[in-house]
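Take a look at the structure set out below.
What follows draws every value from the coordinates through simple rules; no lab data is involved. The model shown is predicted, which means the values in this text are computed figures rather than measured ones. All Cβ positions, even for glycine, are placed from backbone atoms using ideal geometry, and neighbour counts span all protein chains on display.
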Amino acid sequence: MIEVRDVTKVYQGGAGAETAALKGVSLRIEDGEYVAIMGPSGSGKSTLMHILGCLDTPTAGSYLLDGVDVSTMSSDELADIRNARIGFVFQAFNLLPRATVFRNVMLPLVYSGISNGQREELAIQALEAADLHEDLWDHLSNELSGGQMQRVAIARALINDPTLVLADEPTGNLDTKTGEVILDTFARLNEGGRTIVLITHEPDVAKHAKRIVHIQDGEVLSDERRSEAGWSA
């Protein structure tokens, strides 16, 4: 599914200064994997997530998504890729506070040309997949707990039936117990065949994945996989 080849990302600063956020990163993620990309603040993990999510393009190198090189696509082409193939879950939830749960989940389909009846059916399927109780679907999002809001965000990410779900620090605003419940939801989605890429700086969160890629100073330090015997490089 994902193949990153020698990707660099350089940002231009004032007075011609340059900052290299990624320095020749190569990474391959297969369909159906559950991968955590872990690193401290400033490590380049968020930059890598933006490239994987087609929110940004590399300065050099290539990124193949389902065999298609998206590195040089236009902004409109990248938007089409995001809408069709990628679901996003963010730390801050990014919900409309005065809109109902149902409306928040349907939002990505508003300009899709899909009928209202079809949008409602897809929203029901997504909310059920995110395991949010039906009694909450007509509530405003600002009436929900943090864990419930994150479930709404997960449902919204699933509404387009994406092949890839990117979760950026999805437990960052949640208490430990609620965070565990959300991580269990990602595990269940992965067991159902979804490819999950989890961005985090927390080792305890990363260990819920089946593979951990460590990023530091813009480079891949290690790539570990979980087996029955534990973790191995």
query = trypsin sites (Lys or Arg not before Pro), restricted to segment 68-110: which are DSSP loop and have at most 10 other Cβ atoms within 10 Å?
reply = ARG98
ask   = Given a Förster distance of 25 angstrom, what is the FRET efficiency for ARG188 paired with ARG226, based on the Cβ-Cβ distance and rounded to 0.05?
value = 0.90
message = What whole-number distance in Å separates the alpha-carbon centres of segment 29-78 and segment 105-157?
response = 26
Estimated 222 nm signal from helices in the chain, with DSSP H stretches of n ≥ 4 weighted -39500 (n - 2.57), rounded to 500 = -9000 deg cm²/dmol
request  = With the cut-off at 22 Å, report for the chain the share of all Cα pairs above it, as a whole percent.
outcome  = 53
request  = Mind putting a number on the dipole of segment 107-233 about its Cα centre? Charges go on the C-beta only, +1 for Lys and Arg and -1 for Asp and Glu, and I need it in Debye to the nearest 20.
outcome  = 320
request  = With springs connecting C-alpha atoms under 10 Å apart, model the chain as a Gaussian network and identify which of GLN216, GLN148, GLN12 has the largest mean-square fluctuation.
outcome  = GLN12
Listed residues GLY146, GLY179, THR100: farthest to the positive end of the dipole of segment 75-233 (Cβ charges) = THR100
request  = Can you pull a Stokes-Einstein diffusion coefficient for segment 66-183 at 10 °C (1.306 mPa s), Rh from Kirkwood over Cα pairs, as a whole number of µm²/s?
outcome  = 107
key: Positive-end residue, segment 1-88 charge dipole about Cα centroid, Cβ charges, pick of LEU48, MET38, SER71   = MET38
ask   = With a sphere of radius 13 Å drawn around the Cβ of LEU96, what net charge do the other residues whose Cβ falls strictly inside it have (Lys, Arg +1; Asp, Glu -1)?
value = +2
